[in-house]
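Before any comments, here is the structure.
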Amino acid sequence: MPRVSTTVIIGFSLGLLLGAPPLPAFAGPAAEQLASQIDRVLAVLGDPEFKGDAQIGPRRQAVRRVTDEIIDWDEMGRRTLGAHWQTLGEGERRAFVTLFSELLNRAYLRSLDRYEGEKIVVTGDAVDGDRAVVQAKVVKNDGQGMPLDFAMVRDGERWRVWDIRMMGTSMVGGYKAQFTRLLQTESYDSVLRRLRERVDALQP
């Protein structure tokens, strides 16, 4: 099963779980909605009911309910498989999205207990029709910052994330490259089995 780089996993985790200071006055609806969802995650992390090792399961489940609203898993899955997506039937697409979203959820939810108070500063957003990129900066406790971009797509009245990019590395791009390499030498069913085995190896 393909593995994404540590940098991408960190970017994914930070992007969904960290708190953001007040938005700049020029921020648009995409940035506003993302910040609102992040605030909901922070509310879970700060809730005394979810504190402690005994509440790891319920805490992760509560966070996942929010992040499932933030992310457009269908768009992320389509972009990850690239041209191969067009060769799949609807049932096959659903199966891939289900497994792929489960893999990422299980991977990043494990990072919850390592949160150390980093913040995200939203620096702007660029909207082009139904697409947007929200620019931000992850600020560590030592004051050092790293750029972080959220690629978003409009879904009705909502804006949802389909990619997260940090230090020039795209999460979706990293997975797409790895799936492309596998599909050049293995059947799709074989790759799907790899994906399922990787998901099973990560306990929820």
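Would you mention how many residues in the stretch 137-150 are in contact (Cβ under 8 Å) with a residue 12 or more places away in the chain and either of a type in the set (S, T, N, Q) or more than 20 Å from Glu75 (Cα to Cα) (or both)?
8
Step by step: first the residues of the stretch 130-180, then only those that are basic (Lys, Arg) and under 15 Å from the mean Cα position of the chain (by Cα), then the one that is farthest from Thr80 (Cα to Cα). Which residue is that?
By that ranking, first place goes to Arg160.
Can you work out which of the residues in the stretch 159-181 that are at pLDDT below 90 and part of a strand (DSSP E or B) is surrounded by the most Cβ atoms within 10 Å (Cβ to Cβ)?
Ile164
Filtering the stretch 103-145 down to residues that are of a type in the set (D, E, K, R) and part of a loop (DSSP other than H, G, I, E, B), which residue is modelled with the highest pLDDT?
That would be Asp130.
List the residue pairs whose Cβ atoms are under 6 Å apart, where the first residue sits in the stretch 159-175 and is closer than 13 Å to Gln135 by Cβ, the second is in a helix (DSSP H, G or I), and the two are 6 or more positions apart or on different chains.
From the stretch 159-175, the pairs are Ile164/Gly11; Ile164/Phe12; Ile164/Gly15; Ile164/Met171; Met166/Gly11.
List pairs: first in the stretch 38-61 and touching a residue at least 24 places away in the same chain (Cβ under 8 Å), second open to solvent by 50 Å² or more (accessible area, probe 1.4 Å), Cβ under 7 Å, 6+ apart or cross-chain?
Note: pairs meeting the criteria are Leu45/Tyr115.
Is the stretch 54-69 home to any residue that is within 30 Å of Glu197 (Cα to Cα), within 12 Å of the chain's Cα centre (by Cα), open to solvent by 30 Å² or more (accessible area, probe 1.4 Å) and of a type in the set (Lys, Arg)?
Scanning the stretch 54-69 turns up at least one residue that is within 30 Å of Glu197 (Cα to Cα), within 12 Å of the chain's Cα centre (by Cα), open to solvent by 30 Å² or more (accessible area, probe 1.4 Å) and of a type in the set (Lys, Arg).
Residues in the stretch 88-102 that are assigned to a helix (DSSP H, G or I) and free of Cβ contacts under 8 Å to residues at least 12 places away in the same chain: how many?
Residues in the stretch 88-102 being assigned to a helix (DSSP H, G or I) and free of Cβ contacts under 8 Å to residues at least 12 places away in the same chain: 4 in total.
So which residues in the stretch 20-40 are surrounded by 15 or more Cβ atoms within 10 Å (Cβ to Cβ), under 21 Å from Val139 (Cβ atoms) and modelled with pLDDT under 75, if there are any at all?
Residues satisfying the conditions are Ala20, Leu23, Ala27, Ile38.
Given the structure, is Val153 among the aliphatic types (A, V, I, L, M), under 22 Å from Arg79 (Cβ atoms), touching a residue at least 60 places away in the same chain (Cβ under 8 Å) and open to solvent by less than 80 Å² (accessible area, probe 1.4 Å)?
Taking the combined requirement at face value, the residue satisfies it.
The values are calculated or read from the model by the stated rules, or taken from the named source; none is laboratory data. These numbers come from a predicted model, not from an experiment. Here the Cβ is made from the backbone with ideal geometry for all residues, glycine too, and neighbour counts use every protein chain on show. To get the accessible areas, we keep the full protein, side chains included, count just its heavy atoms, and leave off ligands, DNA and RNA. Shrake-Rupley method; radii C 1.70, N 1.55, O 1.52, S 1.80 Å.
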